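> Shown below is the structure under consideration.
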């Protein structure tokens, strides 16, 4: 029998705090996608607004600064453009999904491989990890599909809430309760599935498994190492909560000074706090991923056999003489 030594959770926190290169690598690919997605979305909105026809009458109604006239002008400007909005949204979703699947697969492969090399550098020599990139692409495809399904679930929750509060018998309380309850169920299902798919990427890189084999390995890993996985999730979840509370408190300072500072300074302060928060979250994510790998790759030490093993079973030699083979050995009676 073997026993693990050390704390995988502490190993994950050490990676997050004292090995910033791993966190910076995670930030590099995540933020590059976020920056590209923001630019693409901004340019799409600008192009869409440039395509809208604005008559002189609409411009005059907007300059009046009267809410009713402005609303009427905007309604006239946007009339007939819903199909273009839907088409642009579909194209953006497809393009961003493809880019995210490819970039996330490459980034996750690099991060997990670097963490594996870190934990194996002082251990027994092992063959280099070989994996198929298409397995990671399959996992990330399922993550995108789960995200889209969650979006559909939220829309369904809104429709259910609307159906529970018809115009002839409105019930806003019931509608709100149904919406939040169904949304909570959708979020729980999505977060659980997304977590398993994220964890499965470790087994693609570490063991060279395919997509479905990695998912099965992730489920088995959680079943066999339940205590260690729960400990890592709990401590990193608490750390995430602390970071969120600190960031929320820090945002209050520029917002509280909104009446004294220019709007640009206030917005810049909020964006700065948000960037620091997202960076800290990425570092914590890498630390939690390192904790999972530490659980999987942690060196083991064999315990003394005499302490925990049961005594060996008695074995008999078939050629050895026993009492039944010597009937005259014992006296009669």
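> Order these by the 10 Å Cβ neighbour count, fewest first: 45, 70, 101.
Arranged by neighbour count, lowest to highest, 45, 70, 101 become 45, 70, 101.
> What percent do you get for the relative contact order of the range 2-302 when only Cα pairs under 8 Å and 6+ apart count?
Reported relative contact order: 34 percent.
> How would 282, 168 line up from fewest to most surrounding beta-carbon atoms within 10 angstrom?
Least crowded to most crowded, the residues run 168, 282.
> Starting with the fewest neighbours, write out 292, 48, 285 ranked by other beta-carbon atoms found within 10 Å of each beta-carbon.
Result, fewest neighbours first: 48, 285, 292.
> Could you tell me whether the range 80-235 comes out rounded, prolate or oblate from its Cα gyration tensor? Rule is a ≥ b ≥ c as square roots of the eigenvalues, rounded for a/c under 1.5, then prolate if a/b exceeds b/c, otherwise oblate.
Oblate, since a/c reaches 1.5 and b/c is not below a/b.
> To continue, here is another question. Using only the Cα atoms of the range 2-302, build the gyration tensor, take square roots of its eigenvalues as a ≥ b ≥ c, and label the shape rounded, prolate or oblate: rounded if a/c is under 1.5, else prolate if a/b is larger than b/c, else oblate.
The shape class here is prolate.
Since every read-out is calculated from the coordinates, none of them should be taken as a lab result. Computed from a predicted model, the values in this text were never measured in an experiment. Glycine also receives a Cβ, built like all others from the backbone with ideal geometry; neighbour counts cover every protein chain displayed.
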